[in-house]
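Written out below as structure tokens is the structure these notes cover.
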Amino acid sequence: MAKKWALHNLPLLLVGIICVALVFVIRSFQLPDTEHHVVVGCVMLGARDDKGWNENHYTGLLNACKTYDCGFKMREWVAENEADLFSAVRELVNEGANVIFLTSFGYGVYMDEIAREYPRVAFFGISGEGAAKNSTTYFARLYQARYIAGIIAGASSKSGILGYITATPNPQTNRSINAYAMGMRVANPEARLIVRFNGSWEDEAAERESVALLVEKGADVITFHADRDYVIQETEKRGLMSVGYNAVYEKYSDKFLTAAMYNWQVLYKKILGDYMSGRSNFSKSYWLGFEEDAVALYQFSPLVSEETASLASAEKERIMNDRSVFSGVIYDNKGILRCANDERISDHELFTGMDWFIEGVEIYD
């Protein structure tokens, strides 16, 4: 009788064994169980109190961690090379980090390799890289704010020559340059934007020298894309007009026209909130803009005319409705058509492939 019962129930036993095995396999491929305490790790290129890029990430992520009661670990001054980055990540993982944010563009080259080495850790990076199943990319659509700032700068320039100082060409810096130049040309179709690359995200001497070199070229409004505001300090010293970037920590003169700013706290709350609730989608990038308040314009200087402010406001409203900056006819600075009248440049191209500059952009040499 017992033998007959066993044979009769054998299919049920097999089903049960298979279900248990499936659950084990599925769980072995899951990211860390978010019911357990989440510890967030942050890797930064510079100092958390630099009054610039790194501090903005630090405060935004720290506040998000407080909101969701997560642990927080960090590593400062981590160079963009394999050895230093792997060492920092290894230390964070050993200290319990199960979510790690890589906050500098150069880390992206190594992100997938690191993510595959630590398959039960979730990785988020700003570079556009992220093919590993436990990694994805995140960023703010700062180019939207850059475009509006370009309108302000183009309308304010008396010479029609504007200066732009940054570290190195990559899709992130290139799309900001192009958006700024597009805004500049909306205000002044004949304006020129002279761009100088310094090769470093923070080099005070080079950035101050670049201001002087661009002034010699006739630039009377200057902006920057670097970790610190040395360019603004130098333009203030020279009595020039300027446009800021990333965040504003100081009080400047009225010649500081505005700034294109990130709100990293919005991004980090969104990303961490999704992770905590299990809604993270590692096949899709996070890219938030005006609509989500992830980017913004600093208050306009009294020197900005009402007409210019009105134009900027109208263009911001248009962008919020259709997210379109890079649409319609766009030629690059070599005369090649990059976008036709009824087209728009895709997010994929903007995020990972923009290796050209639009008409009106001149690279300093």
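No lab work stands behind these numbers, since they all come straight from the coordinates. Note that the structure is a prediction, hence the values are computed from the model and not measured. Using ideal geometry, Cβ is built from the backbone for each residue, glycine included, and neighbour counts are taken over all protein chains shown.
Straight Cα distances below 27 angstrom link residue 255 to the lysines 51, 158, 217, 237, 316, with same-chain residues fewer than 8 positions distant left out. Label sites at residue 249 and residue 284, each approximated as a point 7 angstrom past Cα along Cα to Cβ, lie 3.5 nm apart. Over all other residues within a Cβ to Cβ distance under 13 Å of residue 206, the charged ones net out to -4, with Lys and Arg as +1 and Asp and Glu as -1. With a simple spin-label model that places each label point 7 Å from the Cα along the Cα-to-Cβ direction, the separation between residue 274 and residue 51 comes to 3.4 nm. Most tightly packed first, judged by the mean number of other beta-carbon atoms within 10 Å of their residues, the peptides 250-262, 154-166 read 154-166, 250-262. Computed from backbone phi, the HN-Hα couplings of region 156-167 come to 8, 5, 8, 8, x, 10, 10, x, 9, 10, 8, 7 Hz, rounded to whole numbers (Karplus: 6.51 cos²θ - 1.76 cosθ + 1.60, θ = phi - 60°; Gly and Pro given as x).
Across 303, 62, 214, mean-square fluctuation computed from a Gaussian network of the chain (C-alpha pairs under 10 Å connected) peaks at 303. Taking the number of Cβ atoms within 10 Å of each Cβ as an exposure proxy, the fewest-first ranking of 236, 91, 317 is 317, 91, 236. Here the residues 77, 356, 264, ranked from fewest to most Cβ neighbours within 10 Å of their Cβ, fall in the order 77, 356, 264. Shape class for region 39-140: rounded, because the ratio a/c of the largest to smallest gyration tensor axis (alpha-carbon atoms, square roots of eigenvalues) is under 1.5. Each of residue 306 and residue 348 was given a label point 7 Å from its Cα along the Cα-to-Cβ line. The distance between the two points is 4.8 nm. Ordered by the count of other Cβ atoms within 10 Å of each Cβ, fewest first, 348, 57 give 348, 57. Grab the other residues whose beta carbon is less than 14 angstrom from that of residue 95, score K and R as +1, D and E as -1, and report the net. Overall, the nearby charge balance is +2.
Near residue 362, the amide H atoms lying under 5 Å from its own belong to 193, 194, 195; only residues 5 or more places off or on other chains count, and H is placed 1.01 Å from N.
In order along region 240-245, phi translates into HN-Hα couplings of 9, 7, 8, 10, x, 8 Hz, rounded to whole numbers, per the Karplus curve 6.51 cos²θ - 1.76 cosθ + 1.60 with θ = phi - 60° and x for Gly and Pro.
Over region 79-129, the fraction of Cα-Cα pairs per 10 Å bin, rounded to whole percents and listed from the shortest bin up, is 27, 64, 9.
The amide H of residue 135, built 1.01 Å from its N in the peptide plane, has 123 as neighbours under 5 Å, considering only residues 5 or more places off or on other chains. Under 5 Å from the amide H of residue 39 lie the amide H atoms of 71, 98, 99, each residue being 5 or more positions distant or on a separate chain, with H modelled from the backbone and absent for Pro and chain starts.
Dividing the summed helix terms, -39500 (n - 2.57) for each DSSP H run of n ≥ 4, by the number of residues in the chain produces a 222 nm estimate of -13500 deg cm²/dmol to the nearest 500.
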